[in-house]
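What follows is a set of notes on a single structure, which appears directly below.
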Amino acid sequence: MAKADSEAMDRIYVKEMEVSQMKRRMFSVLVCTTMLASLFGAAAVKAEGVELNVVTTFAGEDSNAKNYQAGLAGWEEETGNTVNDNSATSDETFKTTVVSDFEMDAEPDVLFFFTGADANSFIEAGKVLSIEDIRAEYPDYAANIDDGKLPVSIVDGKAYAVPTNGYWEAMFVNTKVLAEAGVEMPGADYSWDQFLADCEKIKEAGFAPVAAALGNIPHYWWEYAIFNNEETLAAHTVIPAADAADAWVAGMEDIKAMYEAGCFPENTLSATDDETFQLFVQDKAAFLLDGSWKVGGIVGACQSDPDDISTLDTEALDKFDVTFVPSRGRARKASDLIGGFSMGYYITAKAWEDPEKKEAAVSFVNYMTSDDMIVKFAQHSANPLKEAPEVDADALNGLQVKAIDFATQVTSYTGAVQDIFQGECRVPTFDGMPSIVTGDVAAADAVAEGFAIYAESQAE
């Protein structure tokens, strides 16, 4: 073969080798690209398909139930994730169920729950993450919240729950009943003696002064009756020694005196809370002691369709107002209320240990506690934001506007002692309230029994 032919063949061979190598490289790149695309595509699909198990108290007549559902839908649409929602109305059964779920390793991924003693067991068990621990990996977690308003656990002094809104407990008023009874709207200086005198006038006019079911839910009067007899505001959230529970005994005796004076409905010992609430909204009772969340229930009662705000009868709603709980004249002024931030969103260790659910849980809580969402949730109650935006009064109903004005006159908020003194120790004075007010059980004996149960629980 000639030299020129040989060189030509060599060039052709080299060229073919180069083409072959290029094809192999292209194939390798194609394979890698395909594999990466497949992996990332699978991850994206999987991330978008994350399902969070969430439990909250935004259900039933809770005024924020609709806000929660709207927020939940917004988060799902924005992220592509979904929520398996098991929200339920807050009561003792709900609390017991939540605690039991943790004990059986059946807890949700995200929980909106109480921050007092009800949460002690699962915090002690390490089944929820502290905000501090979450921020170590996600620095922007709840960054818009005023840390000074974050409720801390009595277990270790750490904050675990991110609140959306605070609460207050006060007296709702049916002003139509007051007017017909010739009673003036109470103010921030409302005294116990004035209150009892007003109750007498209301009773003589043929109405029930106070809508309350002492045999079903005596909680609110129980709380304020004790608070009214404390020597200091701070003493209210400290469980005293059993032999120093004078304020507790005096509180139970005040409720007994109210019962004997006919301040409650005739069926107060047998009626349900729903039944006595109907007395209030149907112009048969003057006062209703309840929490800020009850605004939603009152508004709903003034709608022809409870689920459609457009059916609100504004004239019917106008007769309702909110005012202060009468003071005994001791440490507490009438404008010193039970209130604060007692609930919030927890992220559980179960979700945290799942990389995909961890990311989704943080995203969900941040979304539900954003500035815009908190403004919707807080409305007429307290909010935990560092910088609270202006509230659009035009977007609120008449009772909410009155509640906001009322809240500006509050001089202090103190937490509820029942959030600390909880469980079986409350039975003698909660479930036993009918026996106390009828005189079948002495107030001192019922209080002593409760304290004995509390002491035993603390010793365990």
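What shape does region 155-298 have by the C-alpha gyration tensor, where a ≥ b ≥ c are the square roots of the eigenvalues, rounded means a/c under 1.5, and otherwise prolate means a/b greater than b/c and oblate the rest? Don't skip to the end; give the middle numbers.
Values: a/c = 1.86, a/b = 1.43, b/c = 1.30.
Taking the square roots of the gyration eigenvalues as a ≥ b ≥ c, region 155-298 is prolate.
Could you give the size of the charge dipole of the chain about its Cα centre, using +1 on the Cβ of each K and R and -1 on the Cβ of each D and E, expressed in debye and rounded to the nearest 20?
Numbers: 31 positive and 78 negative charges, 275 e Å.
It comes to approximately 1320 debye.
Going toward the positive end of the dipole of region 272-361, with +1 on Lys and Arg Cβ and -1 on Asp and Glu Cβ, which of Ala349, Ile338, Gly296 do you reach last?
Checking the options against the dipole of region 272-361, the answer is Ile338.
Given q = 0.10, 0.16 Å⁻¹, what are the Debye log10 I(q)/I(0) values for region 82-234, with equal point scatterers placed on the Cα positions and solvent ignored?
-0.59, -1.03
Lysines near Lys319 by alpha-carbon distance under 27 Å, same-chain residues fewer than 8 away left out - which ones?
Lys66, Lys176, Lys201, Lys203, Lys284, Lys294, Lys333, Lys376, Lys402
About the Cα centre of region 81-184, what is the dipole size in debye to 20, counting +1 per Lys and Arg Cβ and -1 per Asp and Glu Cβ, all else neutral? Show your work: numbers first, answer last.
Details: 6 positive and 20 negative charges, 54 e Å.
The dipole of region 81-184 has a size of about 260 debye.
Which log10 I(q)/I(0) values, to two decimals, does region 229-318 give at q = 0.12, 0.23 Å⁻¹ under the Debye formula with one point per Cα?
Relative scattering, expressed as log10 I(q)/I(0), comes to -0.59, -1.13.
Do any GluC sites (Glu not before Pro) in region 343-415 lie in a DSSP loop with no more than 13 other beta carbon atoms within 10 Å, and if so, which? Walk me through the numbers before you get to the answer.
Numbers: sites: Glu353, Glu356, Glu359, Glu387, Glu390; in loops: Glu353, Glu387, Glu390.
For GluC sites (Glu not before Pro) across region 343-415 that sit outside H, G, I, E and B with at most 13 neighbouring Cβ atoms in 10 Å, the list reads Glu353, Glu387, Glu390.
On full extension of the chain, what length is gained from Lys149 through Asp189, given 0.36 nm per residue of separation minus the C-alpha to C-alpha distance?
On the way: separation 40, 0.36 × 40 = 14.40 nm, distance 2.74 nm.
Stretched fully, the Lys149-Asp189 segment lengthens by 11.7 nm.
Can you tell me the orientation of helix 65-79 relative to the chain, as the angle in degrees between its alpha-carbon axis and the longest Cα principal axis, to the nearest 10?
10
Please name whichever of Phe102, Thr79, Thr89 sits farthest to the positive end of the charge dipole of region 67-117, dipole taken about the Cα centre and charges placed at Cβ: Lys and Arg +1, Asp and Glu -1.
Towards the positive end, the residue furthest out is Thr89.
Would you mind working out the magnitude of the charge dipole of region 238-298 relative to its Cα centre, with +1 at each Lys and Arg C-beta and -1 at each Asp and Glu C-beta, to the nearest 20 Debye? Intermediate values should be presented prior to the final figure.
On the way: 3 positive and 11 negative charges, 37 e Å.
Charge dipole of region 238-298: 180 debye, to the nearest 20.
Can you compute the equivalent ellipsoid semi-axes for region 322-385, i.e. the square root of 5 times each eigenvalue of the Cα gyration tensor, sorted largest first and rounded to whole Å?
Numbers: eigenvalues 275, 44, 8 Å².
Working from the Cα gyration tensor, I get semi-axes of 37, 15, 6 Å.
I'd like to know how the chain sits against the 2.2 N^0.38 Å rule of thumb: what's its Cα Rg over that expected value? Working shown, then result.
Working: Rg = 30.0 Å, N = 460, 2.2 N^0.38 = 22.6 Å.
Relative to the rule-of-thumb radius for its length, the chain sits at 1.33.
Given that compact globular proteins tend to follow 2.2 N^0.38 Å, what is the ratio of the alpha-carbon Rg of region 80-154 to that value?
Numbers: Rg = 13.7 Å, N = 75, 2.2 N^0.38 = 11.3 Å.
Output field value: 1.21.
I want to verify the translational diffusion coefficient of region 320-460 in µm²/s; compute it with Stokes-Einstein, Rh as the Kirkwood radius over Cα pairs, at 37 °C and 0.692 mPa s. Can you show the working numbers first?
Numbers: Rh = 19.3 Å.
Stokes-Einstein gives a translational diffusion coefficient of 170 µm²/s.
When the expected Rg is taken as 2.2 N^0.38 Å, what fraction or multiple of it is the alpha-carbon Rg of region 123-206? Numbers along the way, then the final one.
Values: Rg = 22.7 Å, N = 84, 2.2 N^0.38 = 11.8 Å.
Compactness ratio reported: 1.92.
Can you list the residues of region 385-416 with backbone N under 20 Å from a point 7 Å past the Cα of Ala70, pointing along Cα to Cβ?
Backbone N within reach: 385, 388-404.
Quick one: what does P(r) look like for region 252-373 with 10 Å bins over all Cα pairs, in whole %?
10, 25, 27, 21, 15, 3, 0
Just so you know, all these numbers are worked out from the coordinates, no wet-lab data involved. This is a predicted model, so every value here is computed, not measured. Neighbour counts run over all protein chains shown; Cβ positions are idealised from the backbone, glycine included.
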